[in-house]
Amino acid sequence: MTAAFRDFCSFLHANSGLVIDGEKKYLVESKMRPILSEYKLADLNALVAELKRGTNTKLIDAVVQTMTINETFFFRDRQPFDKFKDVIVPDLVKKRTPGKTLRIWSAACSSGQEPYSLLILLDQMRSLLGTRKFEIVATDLSNSVLDKAKEGKYSQFEVQRGLSTPLLLKYFQQIGDRWQVKAEYRSQINFKQFNLLNPLMGMGRFDIVFCRNVLIYFDAKTKGEILRKIRSVMADDGYLLLGASETVVGISSDFLPDGDHKLLLRCQGQAGTRERATESPALGRSSVVDNMVKHLREPRPGAPAARPLASAKRPLQPSASALAAARLK
Ligand SMILES: C[S@@+](CC[C@H](N)C(=O)[O-])C[C@H]1O[C@@H](n2cnc3c(N)ncnc32)[C@H](O)[C@@H]1O
């Protein structure tokens, strides 16, 4: 492994949690090729040197966004959404008095198909909800996918992936050859930039968390830390849903599969004794870039310049400026 590749991997892991093994050098090089050409950089060495300078925040953002995988579609895998409609919401409606708000977090929402699927289901369950309100918070690391999610505009191909024609016609309007979620529905989702490696503060408590198809990219330690943090912002009777190939087994004892519905994870224990979830400001848009710059510029005392993945302790140390500047708006 070359020093430049090791630095690149270490930097990406520390700031997005993504783990790249030594065999994937070709993948990194091919993914970085358009960026090298756009920023007129000769090779990976030049890219890492530029990242280390830390002045080009656009470049840093572009590198993270290119390396993360944003694949998603409406009602992905169907079953979690059926459980949401048939089991979770009816159960929580029984437990929450009228007037309460059900809070749902789509924790790596990519371009928005997941939270819009949840919104459609909740909209169709209004009579069951009665006077209970709901709030959907949808976050992702990547600003470019979030911009798309906020705009809610999808190609014909994208809407065909998971949406029936009646749902398409009810919730979207056609604009040229694209389909946009109607404004009255778009405004019901609170989209924010958030890095799952950062402290989960100022988010309030959630009844339901969808954290699907993102843990798969992290190492076991990072997965465990993220699950612990998620538990700390959940109601004790809350539900967590992971991706089809993701599990808590051997990683976290904060959640257990629901007896009858193995797919659903129920919170274990009480959250009150864990992280204090609501007392400090949360990180926002600038945190990713700030952290990358910090990581490259200021290796922690005693840390080697190019920190090997295996020795990475806490993957993220938010900078003071990120903490001060970034708040979920
Ligand atoms: C494969 S998509 C999953 C989208 C959706 N949850 C689904 O299941 O269809 C993974 C998303 O995780 C986001 N992601 C990767 N690392 C992240 C991190 N550290 N914090 C927050 N989001 C992250 C990526 O930007 C990407 O949009």
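Read the figures in this text as sums done on the coordinates, not as results from a lab. For clarity, every value in this text was computed on a predicted model and none was experimentally measured. Using ideal geometry, Cβ is built from the backbone for each residue, glycine included, and neighbour counts are taken over all protein chains shown.
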Quiz prompt | Footprinting exposure proxy for 179, 105 (fewest neighbouring C-beta atoms within 10 Å first) | solution = 179, 105
Self-check item: Cα-based reach from residue 182 at 18 Å (exclusive), listing aspartates and glutamates while leaving out same-chain residues under 8 positions away
Solution: 114, 123, 135, 147, 151, 158
Self-check item: Separation of the residue 263 and residue 86 label points, Cα + 7 Å toward Cβ, nm
Solution: 0.8 nm
Quiz item: Ranking 223, 182 by Cβ neighbours within 10 Å, fewest first, what do you get?
Solution: 182, 223
Quiz prompt | Placed amide H near residue 264: partners under 5 Å, 5+ positions off or other chain | solution = 258
Quiz item: In which sequence would 185, 171 go, from the one with the fewest C-beta neighbours within 10 Å to the one with the most?
Solution: 185, 171
Quiz item: Extension gain residue 94-residue 1, at 0.36 nm per residue separation less the Cα-Cα distance, in nm?
Solution: 27.9 nm
Quiz item: What FRET efficiency do you get for residue 237 and residue 125 if R0 is 22 Å and r is their Cβ-Cβ distance, rounded to the nearest 0.05?
Solution: 0.75
Quiz prompt | At most 10 other Cβ within 10 Å, DSSP loop - chymotrypsin sites (Phe, Trp or Tyr not before Pro), region 207-239 | solution = none
Exercise. Show which aspartates and glutamates lie in cross-link reach of residue 40 when reach means a straight Cα distance below 13 angstrom and same-chain residues fewer than eight apart are skipped.
Key: 50
Exercise. Step through the residues of region 254-270 one at a time and calculate ³J(HN,Hα) from phi using the Karplus curve (6.51 cos²θ - 1.76 cosθ + 1.60, θ = phi - 60°), rounding each to whole Hz and writing x for Gly and Pro.
Key: 7, 9, 9, x, 5, x, 8, 10, 4, 5, 8, 10, 9, 5, 10, x, 10
Quiz item: Mind listing which trypsin sites (Lys or Arg not before Pro) in region 102-136 are in a DSSP loop and have 16 or fewer other Cβ atoms within 10 Å?
Solution: none
Quiz item: Whose amide H sits under 5 Å from the amide H of residue 255, counting only residues 5 or more places off or on another chain, with H placed in the peptide plane?
Solution: 268
Practice problem: Excluding residue 155 itself, calculate the net charge of residues whose Cβ lies under 15 Å from the Cβ of residue 155, where each Lys or Arg counts +1 and each Asp or Glu counts -1. | Solution: 0
Quiz item: Roughly how many nanometres apart are two label points built 7 Å out from the Cα toward the Cβ at residue 160 and residue 36?
Solution: 3.6 nm
Exercise. Using 0.36 nm per residue of separation minus the Cα-Cα distance, give me the extension gain between residue 147 and residue 270 in nm, one decimal.
Key: 40.7 nm
Practice problem: Read phi for every residue in region 2-9 and hand back ³J(HN,Hα) as whole Hz from Karplus 6.51 cos²θ - 1.76 cosθ + 1.60, θ = phi - 60°, with x for Gly and Pro. | Solution: 6, 4, 5, 5, 5, 4, 4, 5
